Amino acid sequence: RTLIYPPYKLIQLDDIKIAFIGITTPQTLSKTILHTIIDEEGDMVYDFLTKNDGEELYEIIQKYINEVKDKGAKYVIILSHLGIEGDALEKYTSSGLLSHLIGVDAILDGHTHRIYNKTSKDKNGNDILLSQTGTKLT
């Protein structure tokens, strides 16, 4: 698999490493201009990790969480464009994703243009911050 963008960014603040992992909604397939995601042969340019009923997405994101932890990340923040409700399937919402992951400290979400700070359970039942800032980071 060839990645278009790096899946995460590690930053150092004093002696603390923080990892940011980016995720976008599979709904991009139906909410974008097709010529931007399909090549001249009609093949999909991007892979939105929708195989195996969401399991592919969960496995790959967990792999990156483990990878950044191995690189010394003390905190793991997911920056997502998934949303929590509406026309998205639960397995592809930020709370649905979180329920399959271990090692996340917070999810800063988008897509549904809401404003909230709440907690949601990770795979181990821990309460994890789930926040959305409304529209355009307002």
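Take the Cα of Asp105, step 7 Å toward its Cβ, do the same at Tyr75, and the gap between the two points is 0.5 nm. Placing a pseudo-label 7 Å from each Cα along the Cα-to-Cβ vector at Tyr5 and Ile18 gives an inter-label distance of 1.8 nm. Counting only residues at least eight positions apart within a chain, or on another chain, the lysines with an alpha carbon under 23 Å from that of Lys136 are Lys9, Lys31, Lys118.
No lab work stands behind these numbers, since they all come straight from the coordinates. What you are looking at is a predicted structure, and each value in this text was computed from that prediction instead of being measured. Here Cβ is always computed from backbone atoms with ideal geometry, including for glycine, and neighbour counts include all displayed protein chains.
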